[in-house]
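Note sheet for the following structure.
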Amino acid sequence: MKRLRHLTALFAALAGLLLGSGVPAQAFAQAAFPLSANGSRGTDVVALQHLLVAHGRPVATDGVFGSGTHSAVVAFQQSEGLGADGIVGPATWGALVPTVREGDGGPAVKALQSQLNAKRGAGLTVDGDFGPATTSAVRAFQSHAGIGVDGVAGPATWKNLLWHYERIDFGPGTMCAQSPDGNADAHWATAGAVGQLEAAAAAFATTGNGRLPVGDAGFEHGGDIPGHASHEVGVDIDVWPIRTDSAQCTAGRITWQSSAYDRAATRRLVQEIRAKAPGRVELVFFNDPQLIAEGLTTSYPNHDNHLHIRYR
């Protein structure tokens, strides 16, 4: 019934647009500026850092929210008369994002280009030059998001773009994609969750224990995902335990009870997940009693053969 009401509302909005109501449908009614703070990683942090540079607060644009970014955020908040807590929420984002259009240039345009590349695969050169290619990418995103299509990146475009989920990058040597429940392309999550997982996978890859198999995360815009009631808001990602033969990406999924289960390597994986997201991991469900006793994971039914990570 709930889904029927949602579809009815969506069709009504689309009909209004087609009939020339002048009010475009809002495809992402849940869109909101993300929260970023110490320990955050990923492309939203890259955009934040570019925007801080645009406001005269030079920081490294490395995608890691560390002490330098925290200090720059606090200084910016103080200059804007905002609560200077170092946490980047709606008010701080609202003060940071400018309206930019074709012909503009600089770090703010780099922030925009990096977001369009990460969230929609725009393939732009991040050069700070708002030219025709960037205009085209902005218009394509605005159409995708159901907001006014004018090629100008204003507050609504920034909010929808920063909110939009990001697809996990299954680059060679670090991770592999798995879809055990038949949810095709369910490998999207918030930029923060993706950035933290990718950093953990890259660190784990240096151990020589093979790649990290990543199961279901969520769909591009969240929402219902079969078999995963909690994977709806972009912060939950499943990964698989590590095998003694390091063939977890090719030889199939195992449980912690299996003779092929590598507890030491799986322990190292969880440690990297937590280390690359300090204070940003809410829980890791996995039923290995030894890892539970060590405080690394938490028991939960049906989590013998995969680890469920929830980021804050």
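The values are calculated or read from the model by the stated rules, or taken from the named source; none is laboratory data. Predicted, not measured: the structure shown is a model, and the values here were computed from it. Cβ coordinates were reconstructed from backbone atoms using ideal geometry, including for glycine residues, and neighbour counts include every protein chain displayed. Please note that ligands, DNA and RNA were not included when accessible areas were found on the heavy atoms of the full protein model with its side chains. Shrake-Rupley method; radii C 1.70, N 1.55, O 1.52, S 1.80 Å.
Just a few scattered comments:
- When 298, 250 are checked against the criterion of being in contact with a Phe, Trp or Tyr (Cβ under 8 Å, 6 or more places away or on another chain) and surrounded by fewer than 19 Cβ atoms within 10 Å (Cβ to Cβ), a single residue qualifies: 298.
- Criterion (part of a loop (DSSP other than H, G, I, E, B), open to solvent by 60 Å² or more (accessible area, probe 1.4 Å) and either out of contact with any Gly (no Cβ under 6 Å at 6 or more places or on another chain) or of a type in the set (Val, Ile, Thr) (or both)) met by exactly one of 181, 185: 185
- Conditions (1) open to solvent by 70 Å² or more (accessible area, probe 1.4 Å); (2) part of a helix (DSSP H, G or I); (3) touching a residue at least 40 places away in the same chain (Cβ under 8 Å); (4) not small (Gly, Ala, Ser); number of the one not met by residue 78: (3)
- Check on residue 140, over 22 Å from residue 79 (Cβ atoms) and surrounded by fewer than 16 Cβ atoms within 10 Å (Cβ to Cβ): yes
- In region 54-65, residue most open to solvent (accessible area, probe 1.4 Å) [restricted to those that are over 18 Å from the mean Cα position of the chain (by Cα) and more than 9 Å from residue 111 (Cβ to Cβ)]: 58
- Single unsatisfied condition, residue 176 versus (1) of a type outside the set (S, T, N, Q); (2) under 22 Å from residue 305 (Cβ atoms); (3) out of contact with any Cys (no Cβ under 6 Å at 6 or more places or on another chain); (4) surrounded by fewer than 24 Cβ atoms within 10 Å (Cβ to Cβ): (3)
- Residue in region 92-105 that is charged (D, E, K, R), open to solvent by 40 Å² or more (accessible area, probe 1.4 Å) and assigned to a helix (DSSP H, G or I) present: no
- Candidates 204, 219: the one that is more than 17 Å from residue 280 (Cα to Cα), in contact with a strand residue (DSSP E or B) (Cβ under 9 Å, 6 or more places away or on another chain) and touching a residue at least 60 places away in the same chain (Cβ under 8 Å) is 204.
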